[in-house]
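Some notes on the structure that comes next.
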Amino acid sequence: MSPSRLFPFLGWMRHYDRSHAREDVAAGLTTAVMLIPQAMAYAMLAGLPPIIGLYASTLPLVVYSLMGSSRELAVGPVAMVSLMVATALTPLAEAGSESYVALAVVLALLVGVIQTAMGVFRAGFLVNFLSHPVVSGFTSAAALIIGFSQLTHLLGVSIPRSHHVHTIVLTAIERIGEVNVPTLVIGGVSIAALIVLKKVAPKWPRALIVVVATTVAVWGLDLPRYGVKIVGEVPSGLPALSVPSLDGDVLSQLLPTALLISLVGFMESISVAKAFASRKRYEIDANQELLGLGLANIAGALFRGYPVTGGFSRTAVNAQAGARSGVAGLVTAGVVIITLLLLTDLFYFLPKATLAAVIMTAVFGLVDIDEVKHLWHVDRVDLTLLGLTFFATLLLGIEPGIGIGVGASLLWFVVRTTRPHTAVLGRLPGTTAFRNVDRYDAATKIPGVLALRIDASFYFGNVAFLKETLAREIEAGSDIETVIIDATSINRLDSSADAALREIERDLAERGITLHFAGLKGPVRDTMARSGLAETLGQTRMHLSVHDAVLAATE
């Protein structure tokens, strides 16, 4: 592997077009303006002090900008991962405490190590186990959990943290008489302003505008005196480099969540990175993305950060603002660092209700109604998987929900491959083409010939089904003398399938029926040659096409 492939920054720095600098700087500044309030809000969602969100938006951005393969991906805290962090750590320590922060840092380190290892061993394919319907159902449910979890800050009442939406809503209703009106007004106005600004001025930094306006209002009206919760003291400066202390028991408790965050975070990141790369006509290297994200999380853990990944909304803003290379990410990190060094005092009067509004407006847009409509028309089974994952996540929680979704999708895959699609073939008039007689009315069966297409690889799991299918079709036919298996869709045979084919050939021969094959692929022929089946059949019963097999059988 070339150095520029392993270290992408060597490539784009060497050939960097200085005419792109203006666009990269503008994109970096624009993204930073969006990132700063979001990072603080998402840290609060994770149960962490807001400053941890800013720590996680410095060195991780620098490392990903140098090591990632995407030019536009904006890495940092995101809502989904923040909720998963809160779900994992709440049973282990008090939210916001020093021990809680330490656990979040260890979790970032674990996520970084897992993703880096996956990148080194080129295990990016593992994300394929998270099918799109499962991810959509999980994301939609998690968005609702995230949004409703902010009711405690929006209403100004104490609501115990929970990943069950119905529990949060019922508790909020029970305590409706305790609502802090100024807090509710700030939150409601913030949500309304964010929605309106998105429609009338989509390019404006709406989160920053709302943060500044509400902070000034809280300071000017002295609203903390009326019970409005504010961020308060935000430490200035950068955290010192430190290695998280590792404990075996803690690591074993955090490992399942770290693995889940590694996969879900990578899934979110790679999907948005590929979307923008396709528009700009360049390729994303999945394994390099794992390396970039993994090293970014390790770097974040060394500077008191928590797990990060690429975010949808910030990446869209970064791309829209003109990002051309990793320079944009370096600029964004630089702005956050300057903020930490010089501007943290400005966040003292920032109301938590505003941060809750930023979170709620961001995540409710992730509820994927369009995907439900699409699957209703295209694939009802995938829609069922989406719904199962959605309700499992909503009712049981984040980890059980996605576990059930992945398990169900793998189970359906197994079921589908054990009962593959088969088709009885007939010839189209005036041609040499053979097609499914159930789909082509003009396709005519050849007298005395059963031509059967198997649309799957032949393995131990579907041996019994295919034997039954063949027996049923022979019984349904009249005076079958020849069976032709169209093997163009069979990519491989395992030993069980090969043994079954030899048994089928022997049974058919005893009944006076000849077995032929058409369209055998090289790997399948190789297996037949090694097992002796090819010798049994001979070249006269292995053909290039169904038409050739029919000619040989009817001569």
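A single member of A104, A193, A142 is within 19 Å of L395 (Cβ to Cβ) and either among the hydrophobic types (A, V, I, L, M, F, W, C) or in contact with a strand residue (DSSP E or B) (Cβ under 9 Å, 6 or more places away or on another chain) (or both), and it is A142. Scanning segment 59-97 for residues that are under 10 Å from G47 (Cβ atoms) and outside any helix (DSSP H, G or I), we see that the one that is nearest to the chain's Cα centre (by Cα) is T90.
Of all residue pairs spaced 6 or more apart or on separate chains, those with beta-carbon atoms under 6 Å, a first member in segment 156-173 that is over 20 Å from A143 (Cβ atoms) and a second member that is in a helix (DSSP H, G or I) are G156/T183; V157/E178.
If the Cβ limit is 7 Å and pairs must be 6+ apart or interchain, which residue in segment 473-500 that is under 14 Å from L515 (Cβ atoms) pairs with which residue that is assigned to a loop (DSSP other than H, G, I, E, B) and of a type in the set (A, V, I, L, M)? From segment 473-500, the pairs are I474/I480; I480/I513; E481/I513; T482/I513; V483/I513; A487/L520. Within segment 63-95, the set of residues being at pLDDT below 90 and among the charged types (D, E, K, R) comprises R71, E72. For G68, the criteria (1) within 29 Å of K229 (Cβ to Cβ); (2) touching an Asp or Glu at 6+ places or on another chain (Cβ under 9 Å); (3) not aromatic (F, W, Y) hold in every case but one, which is (1). For segment 166-219, name all the residues that are closer than 17 Å to G365 by Cα and surrounded by 15 or more Cβ atoms within 10 Å (Cβ to Cβ). Hits for segment 166-219 are S190, I191, A193, L194, L197, R206, A207. When each of A353, A323, A392 is tested for being touching a Lys or Arg at 6+ places or on another chain (Cβ under 8 Å) and within 29 Å of H164 (Cβ to Cβ), the lone residue that passes is A353.
Within segment 511-555, restricting attention to residues that are small (G, A, S) and exposed (fewer than 15 other Cβ atoms within 10 Å of the Cβ), which residue is nearest to F458 (Cα to Cα)?
Of segment 511-555, the ones small (G, A, S) are 512, 518-519, 522, 529, 531-532, 534, 538, 545, 549, 552-553.
Those still in the list that are exposed (fewer than 15 other Cβ atoms within 10 Å of the Cβ) too: 512, 522, 529, 532, 538.
Numbers: G512: 24, G522: 14, A529: 16, G532: 17, G538: 21 Å.
Ranking the qualifying residues of segment 511-555, first place goes to G522.
Can you confirm whether T482 is at pLDDT 90 or above, under 21 Å from A553 (Cβ atoms) and out of contact with any strand residue (DSSP E or B) (no Cβ under 7 Å at 6 or more places or on another chain)?
Numbers: at pLDDT 90 or above: yes; under 21 Å from A553 (Cβ atoms): yes; out of contact with any strand residue (DSSP E or B) (no Cβ under 7 Å at 6 or more places or on another chain): no.
Criteria not met by T482.
Against the condition of a type outside the set (D, E, K, R), without any contact (Cβ under 8 Å) to a residue 40 or more places away in the chain, in the same structural domain as L238 (by TED's automatic domain parsing) and closer than 24 Å to A21 by Cα, how does S313 come out, does it pass?
Details: of a type outside the set (D, E, K, R): yes; without any contact (Cβ under 8 Å) to a residue 40 or more places away in the chain: no; in the same structural domain as L238 (by TED's automatic domain parsing): yes; closer than 24 Å to A21 by Cα: yes.
Considered against the rule, which asks whether it is of a type outside the set (D, E, K, R), without any contact (Cβ under 8 Å) to a residue 40 or more places away in the chain, in the same structural domain as L238 (by TED's automatic domain parsing) and closer than 24 Å to A21 by Cα, S313 comes out as no.
Being part of a helix (DSSP H, G or I), in contact (Cβ under 8 Å) with a residue 12 or more places away in the chain and of a type in the set (V, I, T) holds for only one residue in V196, V234, V264, V212, and it is V264. Show me the helices (runs of 4 or more DSSP H) entirely contained within segment 279-397 in which 1 or more residues are modelled with pLDDT of 85 or more. Passing ranges, in order: 286-302, 327-342, 352-363, 369-378, 380-396.
Each residue in segment 98-124 was checked for being in a loop (DSSP other than H, G, I, E, B) and over 19 Å from the mean Cα position of the chain (by Cα), and 1 of them qualify. Within segment 246-288, the set of residues being closer than 16 Å to I298 by Cα and over 17 Å from the mean Cα position of the chain (by Cα) comprises L246, L251, L254, L255.
Being free of Cβ contacts under 8 Å to residues at least 12 places away in the same chain and either farther than 28 Å from D498 by Cβ or not in a loop (DSSP other than H, G, I, E, B) (or both) is the requirement here; does R453 meet it? Considered against the rule, which asks whether it is free of Cβ contacts under 8 Å to residues at least 12 places away in the same chain and either farther than 28 Å from D498 by Cβ or not in a loop (DSSP other than H, G, I, E, B) (or both), R453 comes out as no. Of all the residues in segment 264-299, those that are of a type outside the set (A, V, I, L, M) and either outside the structural domain of H132 (by TED's automatic domain parsing) or closer than 27 Å to P400 by Cβ (or both) number 7. Just one of the listed residues (G477, G538, G519) is within 17 Å of G426 (Cβ to Cβ), modelled with pLDDT under 90 and not β-branched (V, I, T), and it is G477. Filtering L395, L375, L410 for residues that are closer than 30 Å to D494 by Cα and in contact (Cβ under 8 Å) with a residue 60 or more places away in the chain leaves a single hit, L410.
For segment 158-182, which residues satisfy the criterion of being in contact with a Ser or Thr (Cβ under 9 Å, 6 or more places away or on another chain) and either in a helix (DSSP H, G or I) or under 24 Å from I398 (Cα atoms) (or both)? Passing the criteria: S158, I159, P160, R161, S162, H163, V165, I168, T171, A172, E178.
The values are calculated or read from the model by the stated rules, or taken from the named source; none is laboratory data. The structure presented is a predicted model; accordingly, all values stated were derived computationally and were not measured. Glycine also receives a Cβ, built like all others from the backbone with ideal geometry; neighbour counts cover every protein chain displayed.
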